[in-house]
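Below is one structure; the comments refer to it alone.
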Amino acid sequence: MKLDMFTEIQDPRPWEEGHEHLRITQAMEQARLADELGYGCWWQVEHHGAEEFSLSSAPEIMLAALSQTTSRMRLGHAAVLAPGRLNHPIRIAERAAMLDHLSGGRVELGLTRSTPPEWRLFGVDPAEVREQTAEAFRMIPRMWTDERFSWHSPHYDITDVPVLPKPYQNPHPPLWQAASSPSSFEQAGRNGVGVLGTTVWTAMDEVRRSIDLYRAAVRACESPAGTLVNDQVAFFTFVHCADTDEEAIRNGAASAAAWYTAKALTFFEAQEGFLESARHQEKLLAQPDGGGLAGAYLRAEAAAGTAPSDAQLVIGRILGGEEVPADEIYEALNSQHSLIIGSPETCREKLRAYADLGVDRLMCFQQVGGLPHDQVMKSIRLIGGLIEEFDV
């Protein structure tokens with residue numbers, strides 16, 4: 001299992017003069033250190049209008065800058081927002097190919113359908129996002145490999161256009177799909193692209209079932225989106241390492257993770273996202289084949305009747321406005337392996353659990369909330385000391 005880095009460039013209040021510049025330059029410093037230590041990939045998100053939650057509104061520019069200040073680490077979009085009004089497929093292909101040249105062939109490209117507030121911001125019809133994202137996966141590899149490109153659909157009318165430059169990597173950069181639902185894990189597998197698991201507070205049994213779903217879908221892939229199948233599983237999770245468990249707790253890493261979760265649920269408008277996902281799942285289950293692999297997964301989950309976890313309960317209390325003590329947050333969140341906080345020994349044990357499940361890349365989310373830069377840098381160094389142990 002490779003250890004990667006994942007960043008939102010978070011910028012929590014209170015703000016002081018120059019706070020945005022400081023956060024961005026700190027992220028650059030964190031990336032340079034990760035490159036020196038041998039982390040596998042730097043994954044940069046794309047969000048718009050996210051305020052405290054994320055400054056990463058132009059990831060292609062950030063990654064272009066990092067291409068000139070790093071030398072080994074791969075550079076990943078996790079992920080480009082694929083509806084055409086946010087990012088036209090031609091622009092996605094052009095930018096990624098140019099970045100591939102600037103970085104000497106280190107690009108990894110993820111795509112996702114985005115979220116309700118960003119759809120509204122850019123005037124995207126929610127009914128079209130799944131179809132446009134699916135089209136982008138089919139269009140972009142052909143733009144990279146065909147001398148001239150044509151495509152005709154209700155969304156795009158493109159005739160005999162040279163899309164330049166072509167990527168540096170041959171035949172093209174690896175493709176990934178961000179996934180947080182059973183249907184998106186299955187879709188990634190059937191597309192023959194890597195899956196970027198972005199579900200928050202996922203219990204390890206559920207991670208295993210999601211991986212099994214994805215692997216089964218990859219085996220059933222008959223027409224991959226790209227020239228080659230990228231059958232890798234990546235998962236993102238909170239990571240903070242200190243000299244001792246007690247120091248990690250004092251640093252407030254668990255509280256930072258809880259802050260992130262509350263902000264994410266607010267920014268992503270989780271209730272609307274949940275309802276949209278539920279409507280899609282109902283359509284899946286109503287299909288003649290019962291929804292395929294994702295339908296079978298959903299029926300098994302419903303039969304299990306899983307109760308809310310301690311982590312979910314404490315996050316609910318925080319969302320309700322309750323001031324939950326830091327040690328209580330840590331105890332509740334630490335009960336799941338999805339929170340990797342503690343000494344190098346504690347972190348090693350929790351990282352091993354992901355490796356044992358067959359995760360190929362663990363996207364370590366270390367710059368979370370208001371954690372001070374020096375503590376983040378120390379955590380990056382300590383986790384970096386475990387890289388060779390896992391990357392075998």
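The values are calculated or read from the model by the stated rules, or taken from the named source; none is laboratory data. Quick caveat: nothing in here was measured; it's all calculated off a predicted structure. Ideal geometry is used to build each Cβ from the backbone, glycine not excepted, and the neighbour counts take in all protein chains shown. Surface accessibility is based on the protein's heavy atoms, side chains included, excluding ligands, DNA and RNA. Shrake-Rupley method; radii C 1.70, N 1.55, O 1.52, S 1.80 Å.
For this structure, a couple of remarks:
- Reachable lysines from Lys350, criterion Cα separation under 22 angstrom, eight or more residues apart if same chain: Lys2, Lys378
- Only Lys, Arg (+1) and Asp, Glu (-1) charged, at Cβ; the chain dipole about Cα centre in debye: 1040
- Here the extension length gained between Asp391 and Asp205 equals 64.6 nm, from 0.36 nm per residue of separation less the Cα-Cα distance.
- Alpha-carbon centroids, segment 6-34 and segment 148-165: separation in whole Å: 38
- Residues Ile9, Ile249, ordered by accessible area of protein heavy atoms at a 1.4 angstrom probe radius and largest first, appear as Ile249, Ile9.
- D_trans [Stokes-Einstein, Kirkwood Rh over alpha-carbon pairs] for the chain, 20 °C, 1.002 mPa s, µm² s⁻¹: 100
- Toward the positive end of the charge dipole of the chain, with +1 on the Cβ of Lys and Arg and -1 on the Cβ of Asp and Glu, the farthest Cα among Ser255, Cys221, Trp201 is that of Cys221.
- The distance linking segment 334-363 with segment 41-111 is 26 Å (Cα centroid to Cα centroid, whole angstrom).
- Think of the chain as a dipole: +1 on every Lys or Arg Cβ, -1 on every Asp or Glu Cβ, centred on the Cα centre; then among Ile90, Phe235, Trp151, Trp151 lies furthest on the positive end.
- Across the alpha-carbon set of segment 313-392, the Rg to Rh ratio works out to 1.01, Rh being the Kirkwood radius.
- The phi torsions of segment 160-176, fed into the Karplus equation with coefficients 6.51, -1.76 and 1.60 and a -60° offset, translate into couplings of 6, 10, x, 9, 10, x, 7, x, 6, 6, 10, x, 5, x, x, 9, 9 Hz, rounded to whole numbers, with Gly and Pro shown as x.
- Unit charges at the beta carbon, dipole of the chain: most positive-side option, Trp42, His77, Ala188: Ala188
- In the context of the full protein assembly, Lys2 retains an accessible surface of approximately 80 Å², using a probe radius of 1.4 Å and ignoring ligands and nucleic acids.
- Among the helices of the chain, those built from whole DSSP H runs whose Cα atoms reach 18 Å or more along their own axis and whose mean Kyte-Doolittle hydropathy is at least 0.0 are 89-102, 253-267, 292-304.
- A helix-only calculation puts the chain at -15500 deg cm²/dmol for mean residue ellipticity at 222 nm, using -39500 (n - 2.57) for each DSSP H run of at least four residues, averaged over all residues.
- Fully extended contour minus Cα-Cα distance, from Tyr156 to Ile24, at 0.36 nm per residue: 44.0 nm
- Per-residue 3J(HN,Hα) values for segment 112-124, derived from phi via the Karplus relation 6.51 cos²θ - 1.76 cosθ + 1.60 with θ = phi - 60°, read 8, 8, 6, 9, x, x, 6, 4, 5, 4, 9, x, 8 Hz in sequence order (x marks Gly and Pro).
- Were the residues from Leu313 through His48 laid out at 0.36 nm apart, the gain over their Cα-Cα distance would be 92.5 nm.
- Based on alpha carbons, the Rg and Dmax found for segment 1-123 are 14.5, 42 Å.
- Accessible area of Leu293 in the full protein assembly, 1.4 Å probe (Å², nearest 10): 50
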